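The values are calculated or read from the model by the stated rules, or taken from the named source; none is laboratory data. Since this is a predicted model, take the numbers as computed values, not measurements. Quick reminder, even Gly has a Cβ in these numbers, built from the backbone with ideal geometry, and neighbours come from all protein chains shown.
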Amino acid sequence: MAKRAAHEQVTIRNPIERASWAWAGIGLVIAVGTVLWMIAAGGETIMVRDRYVWMSETEAYAWQPPLYLGLALLGYPLVRSLMLLRPLPAARLDPAGITLLDGAKVRAKWAEVDRIVLWRQRAKRFGVESWAPRIGIVRRSERTDNFRKAAEARHWTAADLRDNGVPAWLPGGIHKCSARLHPARAGALAAAVARFAPDLQVVDEREPDRRAPVPPA
């Protein structure tokens, strides 16, 4: 029974980000540089400052200081690359519904879903503005229907954003029912939705007045 349940689930993961490869590359450069520095330093003994006794020196091999410094510099890139090389799942789909996993965990039954939206949120990282890709669940309700009618009757521009970076042409609470998903995985998500809920669509609403269904891939 457990194997059957697992077989009926589809998990959508984000692709490996470029930043992970960048951190891995930085770590590789540090590792190679440390080894070359150790070789150049040689195996002679030298006097270095004792870390435990004030104003004292102790003997050490010449290759030891480069090794300690290299390990200290390697720590952060190594941790960052390991974290990013295994991206967390963004969504899990099954015959009963969809669960968003990357961020606040949100569960919705298929009968409760109006549509699934591919969108993007304006965000700031280190003071630099950027767009964060998202998928969001829009639930069926009278409020959703009324908002859709009002949104379709208005012309929107890319500048129509709320204070939290959510586009004004989307329901205001969409960020609370969303998870991070790279657009390259939208087709896989659409295929999984078509498998379990053929009547629902994944809609690309990243641009105002340019709604388009995402084809399964």
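So here's what we get for this one:
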{"read-out": "Residue in segment 88-108 that is touching a Pro at 6+ places or on another chain (Cβ under 6 Å), surrounded by 15 or more Cβ atoms within 10 Å (Cβ to Cβ) and outside the structural domain of Ala24 (by TED's automatic domain parsing) present", "value": "yes"}
{"read-out": "Single residue of Glu8, Glu57 found to be at pLDDT 85 or above and more than 30 Å from Trp131 (Cα to Cα)", "value": "Glu8"}
{"read-out": "Scope segment 9-28; condition surrounded by 13 or more Cβ atoms within 10 Å (Cβ to Cβ) and not small (Gly, Ala, Ser); matching residues", "value": "Gln9, Val10, Thr11, Ile12, Arg13, Asn14, Ile16, Glu17, Trp21, Trp23, Ile26, Leu28"}
{"read-out": "Residue ID - surrounded by the fewest Cβ atoms within 10 Å (Cβ to Cβ), chosen from residues in segment 113-131 that are in contact with a Lys or Arg (Cβ under 6 Å, 6 or more places away or on another chain) and under 19 Å from Ile12 (Cβ atoms)", "value": "Arg120"}
{"read-out": "Selection count where residues are within 21 Å of Arg122 (Cα to Cα), free of Cβ contacts under 8 Å to residues at least 40 places away in the same chain and in contact with a helix residue (DSSP H, G or I) (Cβ under 7 Å, 6 or more places away or on another chain), scope segment 136-160", "value": "1"}
